[in-house]
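These notes concern the structure reproduced below.
The values are calculated or read from the model by the stated rules, or taken from the named source; none is laboratory data. A quick note: this is a predicted structure, and the numbers were derived from the prediction, not measured. With ideal geometry, Cβ positions are generated from the backbone for all residues, glycine too; neighbour counts draw on all protein chains shown.
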Amino acid sequence: MTRQLLTLTLLILAFSGAGCGSDAEKAGNSPVAAKPTPEPEISYGQGFYDMERSGSDTWRWMAGEGVIVLKNTGKDMKLRLTGAVPIEQFPQPPTLKVVFNGEQLDQFPGAPNIEKEYVIPAAKQKPGPTSELRIITDNVLVPKDKDPKSNDGRKLGFFLRNLAWNAK
């Protein structure tokens, strides 16, 4: 009997809406739609490792090729990147390429301090919600191959300090 009473009580509560819904719904008002989570302007994809931090400095290491997804805006944009290549670890500085939606924007030798800025016209952004930025290096290093005391087996090619995607 107690079990039947509990089941009946639960059914009544479920159908009556008691304890369910927002105050707006209970008052007969339409609920306010939740704001959708905004899409990120910049998403790091294949080839990028998680963000690292030391004090207030942050960075991401990239392997041989890194993919970044940028939110399309329909406006002329400024793409700015800063980073570094530990050239002292290589016999010759690696060469880096910056490619936006399949079109090469730049090619340059790796250096301890890299600052690049590109103007991306709205017409160069892909149709749809996003465009693709690729950073490619022709050489990587594995820290544990250089230093047996290291346990870092990642392939590292470029150290990205900052990437900005702003209206021109």
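The table that follows gives values for the structure above.
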{"quantity": "Residue, surrounded by the most Cβ atoms within 10 Å (Cβ to Cβ), within region 51-88, restricted to residues that are part of a loop (DSSP other than H, G, I, E, B) and free of Cβ contacts under 8 Å to residues at least 24 places away in the same chain", "calculated": "M51"}
{"quantity": "Residue satisfying condition, being loosely packed, with under 12 Cβ neighbours inside 10 Å and over 18 Å from G47 (Cα atoms), within set P91, P109", "calculated": "P91"}
{"quantity": "Flag for R161 being under 16 Å from D50 (Cβ atoms), in contact with a Ser or Thr (Cβ under 8 Å, 6 or more places away or on another chain) and at pLDDT 95 or above", "calculated": "yes"}
{"quantity": "Answer from P121, P148 - the residue that is loosely packed, with under 14 Cβ neighbours inside 10 Å, assigned by TED's automatic domain parsing to the domain that holds D50 and modelled with pLDDT under 95", "calculated": "P148"}
{"quantity": "Selection count, region 151-164, where residues are crowded, with 17+ Cβ neighbours inside 10 Å and either touching a Pro at 6+ places or on another chain (Cβ under 9 Å) or outside the structural domain of N113 (by TED's automatic domain parsing) (or both)", "calculated": "4"}
{"quantity": "Qualifying residue in region 124-147 (condition: assigned to a strand (DSSP E or B), closer than 19 Å to G47 by Cα and acidic (D, E))", "calculated": "yes"}
{"quantity": "Qualifying positions in region 115-132 - within 19 Å of L81 (Cβ to Cβ) and either touching a residue at least 60 places away in the same chain (Cβ under 8 Å) or β-branched (V, I, T) (or both)", "calculated": "V119, I120, T130, S131, E132"}
